[in-house]
Structure formats: C-alpha cells, structure tokens
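Shown next, in structure tokens, is the structure this report addresses.
A short reminder: the numbers here are calculations on the coordinates, not readings from a lab. This structure is a prediction, so every number in the text was calculated from the model and none was measured. Please note: Cβ atoms are built from the backbone with ideal geometry, for glycine as well, and neighbour counts cover all protein chains shown.
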Amino acid sequence: MSLTNNQLNDFVKKEVKKYEGVYVPVKANILERAIIRSVSPKRLHPNPDDEFSFPTVGPHFGIIAKYEAQFRSRGKIKDDPWDESIQVQKIYPDGYMILNGHHRWAAALRTDIKRIPVNIINITHEVDIENMLKLSDHDKRVSLDLDEVIFCDPKKTEAEKPLKFPFNKIYKERIRKGIPSLLHILSRNGYDIWVYSSNYYSYDYISNYFKKYSVRLNGIITGTARKVKGKEEASKRIEKMFKEKYSETLHIDDKVVLRTIKGQKDFDDIPIVDEGDGWAYAVINIIKKLYPEE
C-alpha cells in the first residue's frame, strides 16, 4: 500500500470516520495477549481520540519518512524501529485500536510490511475506574506512581528478589525493596491502594504481578500521559469521583508523603528521610506517626 501524504491523510480520515462512535474496547484474554505478537498493519486502526487523527494536528510526515527509511534498511542499521512493539487494544467490531505507535504503523503501510509486532493491552477506562470505586468500602486511598516509585532499576536502587521461574520471564519489572510490606501496612490501615503510570500496562498484568507478592490493588490507571480527545473533561469527572469517595488521600512520591483531607485547605507535606534502613522503612515510619494508635 504505497501512499502519498495526501492519500495517507485521506485513508486516516476514512478509518476514523468508519470507527469513531462505533468501536467498543474489548478485553483481550490472557491467551490472546500471550500468543498474538504480530499482526498485519491492515488489522490496526488509528485511534480517533489520538492527536495523530486530529485534522488540526494529524500525522507528522517527517517522522513517518524516518521510519520508512529504517524499515527499508533493516539489518543495516543499529536502531531497530521494532525494538518496541506498537501498543494496541482489542476493539469491537474488528481488529485493534492503536494506543501508541501511529507513525510506525503509517510507515509500515507505506513500505508494504506484511506483519508488525504488537503488544495487546487492556487499559483502564473511565467506566472501569467507576466500577473499582463501587467495589471499595474504604474512605481513604493512597496513590503511587508505578514507574517513578514502585518499579526500579536494581543497579541503582535496592529491589525485591525477582520472582522464580517462569514468572520472572513474564514480570520483568523489578519492585523497590519494601514496597510489598508498605502496601500491606497501608491496607491494614484502611487505605485503598491505587497505582498509576504514564506508560501502558494491562490492568490484569499489574494486578496479577502484585498478587505474586500477596498485595491486592484496588485501582490501576495507566496511559495517563496519552494525548486524547476529551481527556481534560474525563480527568475532571474522575477527580470528582475520587473526591466524593475518599475523605483522605495519601500520595507517596519518591521524596515526600503528601496527605490531604476533604474539607481542609491545609495539607501535610512530609519529607521521606532514609536514615540507612531503606526508603520503604522511612515511609512506614511516617505512616506509624500519622496513626500512632493503630
């Protein structure tokens, strides 16, 4: 499918018109996500909510041309454009909606590549968040960033021991030392545990990973950095749901613990000081001081 820039624009517009308001995200089962690692680019569809598909933004043809050149010289270049799979979600009525990787997909179409690697992800949608909140009977929550706080580089930060085979081949991210213990303590203190990430992870992947450490997560939100249509309005609705549900929120960052209480303008901003016993131990001590009687 050799397409000129104008033809590609027209093709994207037709695809968006065909699926916008019609497609429905569908959860892919674990077997499908494990087996399907590559698909024809024709089975992928541009995301109507992504800026790639916006008439006022659209494809960046310079980026597409760069990928085209890489595809045509595969095996001769150091940087393989397929080092990272295109991230997609399964949709009804057919195929997969692109979450991340539109320009590589467009370049694949223009260079007639038969199959491209994909990573099928079950992302969290607004209705999923609403259902998670309904399932909880707590009025307090704690939030942590998966990539900035929970996952770590074991060469730089002390980490929990990796899971035993074969799970260490499935769950490759390393968890910061003491995180499971910290989350257990927070749960015992009546907190719902919410984790989030700007990157794309499947809800069930993260949930099952933490179950290996006997940790139950109440909420998982990923792909927070994606630029999509209506994101600001959706964020406001979600924040409203959180405010109505929780009277208290703890946000644990890499360097501080921030506590806010509904109806109060003031908040607690407590620095995390590791005195040699580890980051998680320092946070646990903060929690104990907040709730000395518990």
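The angle separating the long axis of helix 61-72 from the principal Cα axis of greatest extent in the chain is about 80 degrees.
As a proxy for reagent exposure, 102, 138 were ordered by neighbouring Cβ count within 10 angstrom, fewest first; the result is 138, 102. Would you mind estimating how fast the stretch 5-120 diffuses translationally, via Stokes-Einstein at 10 °C and 1.306 mPa s with the Kirkwood radius over Cα pairs, in µm²/s? Rounded to a whole number, D works out at 109 µm²/s. For the stretch 59-164, the normalised intensity computed at q = 0.11, 0.16, 0.19 Å⁻¹ comes to -0.61, -0.97, -1.05 (log10 of I(q)/I(0), Debye sum over alpha carbons, equal scatterers, no solvent). With bins 10 Å wide beginning at 0, the percent of Cα pairs of the stretch 104-174 falling in each bin runs 13, 24, 29, 27, 7, 1. The equivalent ellipsoid of the chain has semi-axes of 39, 23, 17 Å, largest first, where each one is the square root of 5 times an eigenvalue of the Cα gyration tensor. The magnitude of the dipole of the chain, with charges of +1 and -1 set on the Cβ of Lys/Arg and Asp/Glu and taken from the Cα centre, is near 1220 debye.
What's the angle, to the nearest 10 degrees (0 to 90), between helix 279-290's Cα axis and the longest principal axis of the chain? Taking the Cα atoms of the chain, the angle to 279-290 is about 50 degrees.
Full extension of the chain between residue 238 and residue 63 yields a length gain of 59.6 nm, computed as 0.36 nm times the residue separation minus the alpha carbon distance. Cβ-Cβ distance of residue 264 and residue 112, R₀ of 45 Å, FRET efficiency by 1/(1 + (r/R0)^6): the value works out to about 0.15.
Under 5 Å from the amide H of residue 174 lie the amide H atoms of 152, each residue being 5 or more positions distant or on a separate chain, with H modelled from the backbone and absent for Pro and chain starts. For a test of the definition: using alpha carbon positions, the gyration tensor, and the 1.5 limit on a/c, classify the stretch 126-290 as rounded, prolate or oblate. Oblate, since a/c reaches 1.5 and b/c is not below a/b. Here the contact order of the chain, divided by its residue count and restricted to Cα pairs under 8 Å and six or more residues apart, works out to 17 percent.
On a 0 to 90° scale, report how tilted helix 179-188 is relative to the longest principal axis of the chain, with both axes built from alpha carbons and the result rounded to the nearest 10. The two axes meet at around 60 degrees. Excluding residue 201 itself, what net charge comes from residues whose Cβ is under 10 Å from its Cβ, given Lys and Arg +1 and Asp and Glu -1? So the surrounding residues net to -3. What the phi angles of the stretch 106-114 give under the Karplus curve with 6.51, -1.76 and 1.60, with θ = phi - 60°, is a coupling list of 4, 5, 5, 4, 6, 10, 6, 6, 6 Hz, glycine and proline written as x.
Figure the gain on full extension for residue 167 and residue 138 (residue separation times 0.36 nm, minus the Cα-Cα span) and round it to one decimal in nm.
Full-extension gain reported as 7.3 nm.
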